[in-house]
Amino acid sequence: MCYNIAFLTKRLEKYAERYKESLPPALFESASRMNESRDLQPWHFVSGFEHPTLPIVSRSGILFARWGLIPNWVRNSHDAAEISTKTLNAVGETIFEKPSFRGNILTRRCILGVDGFFEWRTFNNRKYPYYITSATGDLLSFGCVYDLWTDRQTGEVVHSFSVITTPANPLMETIHNTKKRMPLILQKEHEKLWVSPSLQPADVANLIRPLHNDHLRAHTISMNANNSRNDRNYPEITDHVVYPALGLFG
């Protein structure tokens with residue numbers, strides 16, 4: 001699955017520029033004007049269970065959305081809080097069937113651009129943390145779905161999203177060797193297509209597949225990443241740490 005990421009983009013206009021081709025021209029120009037001085041919250045390590053608010057790219061523009069999708073049909077804030085811990089991810093193989101996602105996969109697809117993500121390999125009863133990034137140094141574009149939920153008590157409208165997951169590619173099978181899953185990572189040429197409102201269901205399904213190994217690189221990091229009670233949001237958390245027990249893959 002995918003519950004932990006690094007998001008280091010500090011300026012919204014830089015984020016908008018990266019996804020310029022996926023935004024309608026008018027919305028890109030508007031975002032550039034409105035957000036030319038807007039700062040973003042960078043995260044060296046953040047867990048989805050903290051429900052951070054992050055910028056997602058959609059055909060409606062760049063939206064600030066909470067990680068952990070709240071379906072629009074949820075009745076109250078108690079139920080919203082409960083379901084959002086279960087919707088950090090959306091399984092790609094069943095996304096067209098699950099009530100929380102089946103409408104959104106057709107009409108509310110979006111992209112979350114991250115610097116990297118974290119996963120764990122189990123070896124000899126120990127968990128070794130890895131940091132996975134793009135092989136080119138570019139942002140990784142997670143394929144996601146989002147929804148809008150209105151709190152009936154306060155009137156607040158909350159945007160929220162889920163990261164779609166796929167079966168692991170061979171690299172991720174080695175790292176995430178228990179669940180053998182990985183986030184849906186879109187190739188750059190598929191980003192604009194992913195958010196297109198005219199995409200047919202069969203075409204959407206064809207895009208939900210594992211990214212090839214060649215597009216990713218990975219290295220082991222500090223065991224400090226293993227404990228959620230630790231402060232993990234610091235720059236050195238992604239530094240390479242060698243574990244001799246893992247041999248060439250450590």
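The values are calculated or read from the model by the stated rules, or taken from the named source; none is laboratory data. For clarity, every value in this text was computed on a predicted model and none was experimentally measured. All Cβ positions, even for glycine, are placed from backbone atoms using ideal geometry, and neighbour counts span all protein chains on display.
Among residues belonging to region 150-177 that are of a type outside the set (Ser, Thr, Tyr), assigned to a strand (DSSP E or B) and touching a Phe, Trp or Tyr at 6+ places or on another chain (Cβ under 9 Å), point out the one that is farthest from Phe101 (Cα to Cα).
Filtering region 150-177 for residues that are of a type outside the set (Ser, Thr, Tyr), assigned to a strand (DSSP E or B) and touching a Phe, Trp or Tyr at 6+ places or on another chain (Cβ under 9 Å), the one farthest from Phe101 (Cα to Cα) comes out as Val157.
Provide a single number: the residues in region 33-57 that are buried (at least 17 other Cβ atoms within 10 Å of the Cβ), modelled with pLDDT under 95 and either out of contact with any helix residue (DSSP H, G or I) (no Cβ under 8 Å at 6 or more places or on another chain) or among the hydrophobic types (A, V, I, L, M, F, W, C) (or both).
The total comes to 1.
Need the failing condition index for Pro167 against (1) farther than 25 Å from Asp214 by Cβ; (2) at pLDDT 95 or above; (3) of a type outside the set (A, V, I, L, M), just the number.
Single failed check for Pro167: (1).
Which residue is nearest to Glu119 (Cα to Cα), if the candidates are limited to region 179-201 and must be of a type in the set (S, T, N, Q) and either part of a helix (DSSP H, G or I) or without any contact (Cβ under 8 Å) to a residue 12 or more places away in the chain (or both)?
First, pick out the residues of region 179-201 that are of a type in the set (S, T, N, Q): 187, 196, 198, 200.
Pick out the ones that are also either part of a helix (DSSP H, G or I) or without any contact (Cβ under 8 Å) to a residue 12 or more places away in the chain (or both) and you get 198, 200.
Details: Ser198: 34, Gln200: 32 Å.
Ranking the candidates gives Gln200 first.
Being among the β-branched types (Val, Ile, Thr) and either modelled with pLDDT under 95 or not in a loop (DSSP other than H, G, I, E, B) (or both) is the filter here; which residues of region 130-144 pass it? Please lay out each step first, then the result.
Within region 130-144, the first condition is being among the β-branched types (Val, Ile, Thr), and the residues that meet it are 132-133, 136.
Hits for region 130-144 are Ile132, Thr133.
Being among the β-branched types (Val, Ile, Thr) and not in a helix (DSSP H, G or I) narrows it down to one of Val241, Val204, so name that one.
Only one candidate passes the filter, namely Val241.
If Asp147 meets every condition in (1) among the acidic types (Asp, Glu); (2) part of a strand (DSSP E or B); (3) without any contact (Cβ under 8 Å) to a residue 24 or more places away in the chain apart from one, which number is that one?
(3)
Do you know which residues across region 65-124 are surrounded by 15 or more Cβ atoms within 10 Å (Cβ to Cβ), touching a residue at least 60 places away in the same chain (Cβ under 8 Å), part of a helix (DSSP H, G or I) and of a type in the set (Val, Ile, Thr)?
Ile105, the sole residue that qualifies.
Under 30 Å from Lys180 (Cβ atoms) and basic (Lys, Arg), is that true of Arg66?
For Arg66, the condition - under 30 Å from Lys180 (Cβ atoms) and basic (Lys, Arg) - is met.
Find the residue count for region 207-227, including only residues that are more than 19 Å from the chain's Cα centre (by Cα) and either of a type in the set (S, T, N, Q) or in a helix (DSSP H, G or I) (or both).
Result for region 207-227: 7.
Tell me which residues, restricted to region 235-250, are more than 14 Å from Gly116 (Cα to Cα) and surrounded by 11 or more Cβ atoms within 10 Å (Cβ to Cβ).
Within region 235-250, Val241, Tyr243, Leu246, Phe249, Gly250 meet the criteria.
Looking at region 133-143, can you tell me whether even one residue there is crowded, with 22+ Cβ neighbours inside 10 Å, farther than 22 Å from Ser196 by Cβ and out of contact with any Asp or Glu (no Cβ under 7 Å at 6 or more places or on another chain)?
No, region 133-143 has no match at all.
Restricting attention to region 1-22, which residues are closer than 30 Å to Asn230 by Cα and assigned to a loop (DSSP other than H, G, I, E, B)? Reasoning before the result, please.
Of region 1-22, the ones closer than 30 Å to Asn230 by Cα are 1-12, 15.
Met1, Cys2, Tyr3, Leu8, Thr9, Lys10 - these are the residues of region 1-22 that are closer than 30 Å to Asn230 by Cα and assigned to a loop (DSSP other than H, G, I, E, B).
Table: residues versus (1) hydroxyl-bearing (Ser, Thr, Tyr); (2) surrounded by 20 or more Cβ atoms within 10 Å (Cβ to Cβ).
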residue	(1), (2)
Gln187	no, no
Leu193	no, no
Ser196	yes, no
Leu211	no, yes
Ile221	no, yes
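Just to be sure before I move on: is Lys127 of a type outside the set (S, T, N, Q), surrounded by fewer than 18 Cβ atoms within 10 Å (Cβ to Cβ) and in a strand (DSSP E or B) in the structure I sent? Before you say what the answer is, go through the steps one by one.
Values: of a type outside the set (S, T, N, Q): yes; surrounded by fewer than 18 Cβ atoms within 10 Å (Cβ to Cβ): yes; in a strand (DSSP E or B): yes.
Here the answer is yes, as Lys127 does meet what is asked.
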